[in-house]
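The values are calculated or read from the model by the stated rules, or taken from the named source; none is laboratory data. None of the values given here were measured: they were computed from a predicted structure. Note that we place each Cβ from the backbone using ideal geometry, even for glycine, and neighbour counts take in every protein chain shown.
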Amino acid sequence: MNHNEADRNEVKALKEQIYRLQMQLELQNERYSRQSREGILKVAPIDLYEGEQQDFIITILEQVRKNQADDSRCAEILDSILSQNKKVGIGDTIVEELQRIVKHGDLSKDSDKAALNKIGFRYVTSKKHPKLEFMSRYKFPIAGTISDHYRGSQNCYSNISKALAVCIRI
């Protein structure tokens with residue numbers, strides 16, 4: 001085999017390698033484009049407020065990331081996902097405002113009822129115990145006696161924290 005024939009074979013092999021790499025790149029770009037349009041996870045549109053499911057997933061991933069070694073593949077994947085997906089933050093706003101309102105201890109005041117309405121809660125009176133209703137779906141009882149308003153409000157907040165995705169901690 002002469003020198004020119006060896007060069008031609010090397011050029012042919014390199015062209016084939018370039019072609020394979022181009023095909024791999026096209027497939028990867030197509031996959032990435034599909035994921036960008038559809039997202040990594042498919043979910044039904046059941047958000048009670050804008051970004052609820054996204055914030056729920058990101059909150060969990062942030063907590064998992066804290067427990068990973070910085071030089072691990074898991075950390076690299078989580079960092080990639082978290083850098084491309086930001087929280088909407090409405091859930092955090094709901095939690096902060098609910099904490100502020102609950103600190104007062106008396107949720108039956110008109111000003112507190114109005115503030116609760118703004119974040120998706122409704123104060124509902126009943127014969128036994130008043131309740132906080134979230135997004136017309138989830139009900140949380142509140143202490144009905146005057147002496148127990150503060151502790152009852154704190155307990156109600158604790159129950160809400162455990163029940164709703166806005167406060168998820170793993």
Checked against (1) within 26 Å of Leu61 (Cβ to Cβ); (2) at pLDDT 90 or above, Gly89 satisfies every condition except (2)
For region 33-79, which residues satisfy the criterion of being at pLDDT 95 or above and either touching a strand residue (DSSP E or B) at 6+ places or on another chain (Cβ under 9 Å) or among the small types (Gly, Ala, Ser) (or both)?
-> Ala69, Ser72, Ala75
Ala115: in the same structural domain as Leu48 (by TED's automatic domain parsing), surrounded by 13 or more Cβ atoms within 10 Å (Cβ to Cβ) and at pLDDT below 80, yes or no?
-> no
Checking Ser136, Ser158, Ser147, Ser153 in turn, the sole residue that is modelled with pLDDT under 80, hydroxyl-bearing (Ser, Thr, Tyr) and under 27 Å from Phe56 (Cα atoms) turns out to be Ser153
Name the one entry in Lys109, Lys66, Lys131, Lys139 that is free of Cβ contacts under 8 Å to residues at least 24 places away in the same chain and crowded, with 16+ Cβ neighbours inside 10 Å.
-> Lys131
How many of the residues in region 43-52 are in contact (Cβ under 8 Å) with a residue 24 or more places away in the chain and surrounded by 15 or more Cβ atoms within 10 Å (Cβ to Cβ)?
-> 4
What about Leu98, is it under 23 Å from the mean Cα position of the chain (by Cα) and in the same structural domain as Ser161 (by TED's automatic domain parsing)?
-> yes
